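A.B. asks: What follows is a single structure, and I will ask about it in a moment.
The values are calculated or read from the model by the stated rules, or taken from the named source; none is laboratory data. Keep in mind that this is a model prediction, so the values were computed, not measured. Because the Cβ atoms are built from the backbone with ideal geometry, glycine has one as well, and the counts that use them run over all protein chains shown. With ligands, DNA and RNA removed, areas are computed over all heavy atoms of the protein, side chains included. Shrake-Rupley method; radii C 1.70, N 1.55, O 1.52, S 1.80 Å.
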Number of protein chains: 2
Amino acid sequence: MKAEEMSRCDLEKFKSDAQKQYDEYKSMGLKLNMARGKPGAEQIALSLPMLDCLNSANAEEFEDEYFNYGLMEGPDAVKEFFAPMLGVPKENLIVFGNSSLNVMYDTVARCWNFGVTKGSKPWKDCNKVKWLCPVPGYDRHFAITELFGIEMINVPMHDDGPDMDMIERLVSEDESIKGIWCVPMYANPTGVTYSDEVVKRFASLKPKVEDFRIFWDNAYCIHHLTDTPDKLLNLFDELKKNGAEDMVYMFASTSKVTFPGSGVAMMAASKANLEQVRATMTIQTIGHDKLNMLRHVRFFGSYENMLTHMQKHRAILEPRFNAVTDALERELGELGLGSWVKPNGGYFVSFDSIPGCAKRIVSLCAAAGVTMTNAGATYPYGKDPKDSNIRIAPTFPSTEELKKAMEVFTCAVKLASAEKLLECRSNEMLAKNA
Amino acid sequence: MKAEEMSRCDLEKFKSDAQKQYDEYKSMGLKLNMARGKPGAEQIALSLPMLDCLNSANAEEFEDEYFNYGLMEGPDAVKEFFAPMLGVPKENLIVFGNSSLNVMYDTVARCWNFGVTKGSKPWKDCNKVKWLCPVPGYDRHFAITELFGIEMINVPMHDDGPDMDMIERLVSEDESIKGIWCVPMYANPTGVTYSDEVVKRFASLKPKVEDFRIFWDNAYCIHHLTDTPDKLLNLFDELKKNGAEDMVYMFASTSKVTFPGSGVAMMAASKANLEQVRATMTIQTIGHDKLNMLRHVRFFGSYENMLTHMQKHRAILEPRFNAVTDALERELGELGLGSWVKPNGGYFVSFDSIPGCAKRIVSLCAAAGVTMTNAGATYPYGKDPKDSNIRIAPTFPSTEELKKAMEVFTCAVKLASAEKLLECRSNEMLAKNA
């Protein structure tokens, strides 16, 4: 029976049962964490042999210049290896250090201080800079644009990607809109992969200004969780067909392929865009760690082997994702207390409670020793207008821990939802009597 | 006999001899490079065993979190290991990625966009920003400030450091001066180490503005080339005595200790300064490569062992530096054609030709297959007002190559100097006759 349809009396009973159960959990002194999109220890172990791939005995097989300064864009063999990850010719790829977030930050900062291409106005000198943010989205994207004082506009996410009607209208009308954050595959946190139609509409955007850029963070491009993975149309190819390949910056990394702190990040862009990247990058740094790049290439040997390696991640992660969605279905499904989708890949399950409950749920979880991502974190400025989205990160805890954490979480959802529903009924009563 | 004192006739003869010798070199099809401050292959080999320090067999000895996200400032053990390099408590140190240049760039960019501390005016919003540049200095420092449109002011270098009278006067008078580039030990390129007196005067600076910062790039702090190394007073300690430790950012790296592209960079600063670093760094990146930090700590074991390792570099480098200064002394000493100092450490020999010859010398070398750092590179905007400074980088070529390259170089100095001296005499004659 849906909780909404319960009588007041049944709802009171439901709430008091949930409260009793919650108090029990609270007394257990749990310490569980579903906040962080971090690979777990088993996943880390998969890549430990990579540490052996480059050693003093085989160092002679590598070019001297790999150990020295230079090769700013990464050795050619490394570019060739990683180009398929973003689906671009190696000429359109630059390989960076260990953090794609850092590459994205630097890209925003470069446009901000020096303009998107040579001669274009730095964004800092524009009257106003605005940004489109499909929501719910990735908090660390939003933190970058917030830091620069860029005004963020929420764009609703649908099952096939962000609301393209809204995006098309806004970018064609508003000259202050300079960018959009996208996680086009297994989006953080919704798990949605943009449909071919959506990608084509991105490729056909007619922004009012030449320096509008799509920040295409393909963080989970090879992070599948099923036998029938989603497929993402190649935006770079689509843009090329329209002669508009300057409109996108693409990003990816191996942070969740090998080691989160010691992976390899990359960026793909058009010739004109990369020229501006080079112009500042060569002043900003002496280059990135080429030995770590080579460790990766040597470890995998081929792009296909890297995809096989991802199957091992999947084997570890799939039971964890199942533990989350099974618990949601079992405990909340019939009650209609929230909605979620089982993703085909990525790192998160996005949960939407009934409106006005997310903060309360997260705080109940915290008091019972279960740390969740802050409610609101998936929205710009940390403000979820409906107070309903919670990002569940199933990767880091063990499956056992996760099952326990999900018991607490679903219990907190029940309790917070019952409180909210009863509050609404009281308000309705008061309104009727007034 | 000094070339200046030669008769016109002797000078003509001297020039034609130099020309003859130069033409011979030119016909040899040489390909030698003294431009780059790059460690050579022998030096690289010293650190190859570091690659074995972290492997799949010993990975269990390391904390799980070293492999994952987090520990933004570097693991505690790493901070403790590197703190003595800049001579600060580990609480004042943050360990970064592979490039201290990148840390310096980011530091300028942070002040530029967000101000030196919370609440202080971003430099980009100041009417004018100026910078003091001891000259000759490091071209890549100057490139950063030039990129941000910061006006650079040349400050002469003396034997004991930059001209402190000028610095004291300018920073106390001009509110637009926000920073100064310093390489306080074995300066690039002069090799000068700042005297105690100079460091103390830095510590006692009374800048007109609170957001003036000393960028103290201690790149060569352990890069000695003699048994009696220079000693540098600790600026951080001296500033503390004056309650002025906010005035400095200190930088160092292991780029020339282990691998130039795969070293570890660090920054030391006061509590207040580091708070602002953290505030933006946590948005900019997911952190730096902790495994590479641990590789370093494991390889050396102790700070003392790292100093011993530097003795091995010295053994490789000292003959190279001797080859340079011996050739200069032998070929140019008596002739008085230029000046130089044999440095006690660092990576360069700074050569000053008689005025107006540097460009010609470098271009003569290039035409004979010997690549030198561009004349002017050691000055802001690439403009050496006297056209006399040339940075010689003896580290990368073999000693044999270096000897040949120095033959060509000194020959080019002779030829260019003779041309210049004859030109001056002609001009004097013309002036007399006019």
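A.B. asks: Using only alpha carbon pairs under 8 Å that are at least six residues apart, calculate the relative contact order of region A:291-434 and give it in whole percent.
C.D. replies: RCO, region A:291-434: 25 percent.
A.B. asks: Pairing the Cα long axis of helix A:76-86 with the longest principal axis of chain A, what angle in degrees results, from 0 to 90 and rounded to the nearest 10?
C.D. replies: With both axes taken from Cα atoms, the answer is about 30 degrees.
A.B. asks: Treating the angle as unsigned and between 0 and 90°, give the value, to the nearest 10°, between the Cα long axis of helix A:164-173 and the longest Cα principal axis of chain A.
C.D. replies: In chain A, helix A:164-173 runs at an angle near 60 degrees to the longest axis.
A.B. asks: Right, something else. Averaged across B:257-265, how many Cβ atoms of other chains sit within 10 Å of each residue's Cβ atom?
C.D. replies: Per-residue shielding by partner chains comes out at 5.
A.B. asks: Moving to a separate point now. How crowded by other chains is B:196-209, given as the mean number of beta carbons from other chains within 10 Å of each beta carbon?
C.D. replies: Partner Cβ neighbours, averaged per residue: 0.
A.B. asks: Quick check on chain B: take the gyration tensor over C-alpha atoms, sort the square-rooted eigenvalues as a ≥ b ≥ c, and tell me if it's rounded (a/c under 1.5), prolate or oblate.
C.D. replies: oblate
A.B. asks: May I pose another question? Enumerate the lysines that B:Lys20 could reach by cross-link, defined here as Cα to Cα under 18 Å, with residues fewer than 8 away along the same chain left out.
C.D. replies: Output for B:Lys20: B:Lys404, B:Lys414, B:Lys420.
A.B. asks: So, one more: Specify the inter-centroid distance of region B:309-367 and region A:371-434, based on alpha-carbon positions, in whole Å.
C.D. replies: If we compute the Cα centre of each part, the gap is 70 Å.
A.B. asks: To the nearest 20 debye, what is the magnitude of the charge dipole of chain A about its Cα centre, counting +1 on the Cβ of each Lys and Arg and -1 on the Cβ of each Asp and Glu?
C.D. replies: I would put it at about 900 debye.
A.B. asks: Another question, if that's okay. Around B:Val135, which amide H atoms from residues at least 5 apart in sequence, or from another chain, sit under 5 Å from its own amide H, with H modelled in the peptide plane?
C.D. replies: When sequence neighbours closer than 5 places are left aside, the close amide H contacts are B:Val155, B:Met157.
A.B. asks: Further question on the same structure: Average partner chain C-beta neighbours within 10 Å, per residue of B:103-116?
C.D. replies: 3
A.B. asks: I've got another one for you. Can you tell me the order of B:162-175, A:252-265, B:240-253 when each peptide is scored by its average per-residue count of other Cβ atoms within 10 angstrom, highest first?
C.D. replies: Peptide ranking by packing, descending: A:252-265, B:240-253, B:162-175.
A.B. asks: Further question on the same structure: Between A:Asn98, A:Asn305, A:Asn58, where does the largest GNM mean-square fluctuation fall for chain A, given springs only between Cα atoms within less than 10 Å?
C.D. replies: The residue with the greatest mean-square fluctuation here is A:Asn58.
A.B. asks: Quick check: the angle from helix B:271-284's long axis to the longest principal axis of chain B, C-alpha only, nearest 10 degrees?
C.D. replies: 90 degrees
A.B. asks: Continuing with the same structure: Give me the residues in region A:33-74 whose solvent-accessible area, probe 1.4 Å, is reduced by at least 40 Å² once all protein chains are included instead of the chain isolated.
C.D. replies: Listed by number, the residues meeting the 40 Å² cut-off are A:Lys38, A:Leu48, A:Leu51, A:Asp52, A:Ser56, A:Phe67, A:Asn68, A:Tyr69.
A.B. asks: Taking the Cα centroid of region B:132-182 and of region B:223-279, what is the distance between the two, rounded to the nearest whole Å?
C.D. replies: Using only Cα atoms to place each centre, the spacing works out to 18 Å.
A.B. asks: If you average the sequence gap of Cα pairs under 8 Å that are 6 or more apart and divide by the length of chain A, what percent do you get for the contact order?
C.D. replies: Computed value for chain A: 26 percent relative contact order.
A.B. asks: Only bridges whose two residues both fall in chain B count here: according to DSSP, what percent of them are antiparallel, nearest 5?
C.D. replies: 45 percent
A.B. asks: Counting only heavy atoms of the protein chains, get the accessible area per residue of the protein assembly as shown (1.4 Å probe) and round it to a whole Å² value.
C.D. replies: Averaged over the residues of the protein assembly as shown, the accessible area is 38 Å².
A.B. asks: Quantify, in whole percent, the carbon and sulfur part of the accessible surface of region A:324-396 (1.4 Å probe; protein heavy atoms only).
C.D. replies: Ligands and nucleic acids excluded, carbon and sulfur reach 50 percent.
A.B. asks: Give the carbon-plus-sulfur fraction of the accessible surface of region A:85-194 in %, rounded to a whole number; probe 1.4 Å, heavy atoms of protein chains only.
C.D. replies: 44 percent
A.B. asks: What whole-number volume per residue, in cubic angstrom, does the convex hull of the C-alpha atoms of region A:316-434 give?
C.D. replies: Residue-normalised Cα hull volume stands at 109 Å³.
A.B. asks: To continue, here is another question. At B:Tyr381, with labels set 7 Å past Cα in the Cβ direction, how many nm apart are the copies from this one, shortest first?
C.D. replies: For B:Tyr381, the other copies' label points sit at 4.4 nm, shortest first.
A.B. asks: For region A:297-306, what does the Karplus curve 6.51 cos²θ - 1.76 cosθ + 1.60, with θ = phi - 60°, yield as ³J(HN,Hα) per residue in whole Hz, taken in order and with x for Gly and Pro?
C.D. replies: Karplus-based 3J(HN,Hα) across region A:297-306 equals 4, 5, 4, 7, x, 8, 4, 4, 5, 5 Hz.
A.B. asks: OK, next. Set the Förster distance to 22 Å, then compute FRET efficiency between A:Leu422 and A:Ser27 from the Cβ-Cβ distance, nearest 0.05.
C.D. replies: The value I calculate is 0.35.
A.B. asks: How big is the B-A contact in terms of buried accessible area, both chains counted, 1.4 Å probe, rounded to the nearest 100 Å²?
C.D. replies: 4500 Å²
A.B. asks: For region A:108-184, report the translational diffusion coefficient in µm²/s to the nearest whole number, using Stokes-Einstein at 37 °C, 0.692 mPa s, and a Kirkwood Rh over Cα pairs.
C.D. replies: The estimated diffusion coefficient comes to 252 µm²/s.
A.B. asks: Right, next: Once you keep just the Cα pairs under 8 angstrom separated by 6 or more residues, what percentage relative contact order results for region A:158-294?
C.D. replies: 20 percent
A.B. asks: Please list A:201-210, B:421-430, A:292-301 highest first by mean number of surrounding beta-carbon atoms within 10 Å per residue.
C.D. replies: In descending order of packing, they fall as A:292-301, A:201-210, B:421-430.
A.B. asks: Filter the cross-link list A:Lys128/A:Lys208; A:Lys121/B:Lys121; B:Lys128/B:Lys208; A:Lys79/A:Lys231 down to pairs whose alpha-carbon distance in this structure exceeds 19 Å.
C.D. replies: From A:Lys128/A:Lys208; A:Lys121/B:Lys121; B:Lys128/B:Lys208; A:Lys79/A:Lys231, over 19 Å: A:Lys121/B:Lys121; A:Lys79/A:Lys231.
A.B. asks: Hey, another quick one. Along the three principal axes, how long is the protein assembly as shown when you take its alpha carbons, biggest first, rounded to the nearest angstrom?
C.D. replies: Cα extents, longest axis first: 116, 61, 57 Å.
A.B. asks: Tell me the carbon and sulfur percent of the accessible area for region B:238-310, rounded to whole percent, probe radius 1.4 Å.
C.D. replies: C and S fraction of accessible area: 51 percent.
A.B. asks: If the label for A:Glu304 sits 7 angstrom from Cα along the Cα-to-Cβ line, what are its distances to the same label in every other copy, in nm to one decimal, shortest first?
C.D. replies: For A:Glu304, the other copies' label points sit at 5.5 nm, shortest first.
A.B. asks: Add -39500 (n - 2.57) for each DSSP H run of 4 or more in chain A, then divide by its residues: what number comes out at 222 nm, to the nearest 500 deg cm²/dmol?
C.D. replies: Computed mean residue ellipticity for chain A: -13500 deg cm²/dmol.
A.B. asks: Give the Debye-formula value of log10 I(q)/I(0) at each listed q (0.12, 0.21 Å⁻¹), with one equal scatterer per alpha carbon of region B:179-278, two decimals each.
C.D. replies: -0.42, -1.15
A.B. asks: Under a Cβ-only charge scheme (Lys and Arg +1, Asp and Glu -1), can you give me the dipole magnitude of the protein assembly as shown about the Cα centre, in debye to the nearest 20?
C.D. replies: Using Cβ point charges on Lys, Arg, Asp and Glu, the protein assembly as shown gives about 1000 debye.
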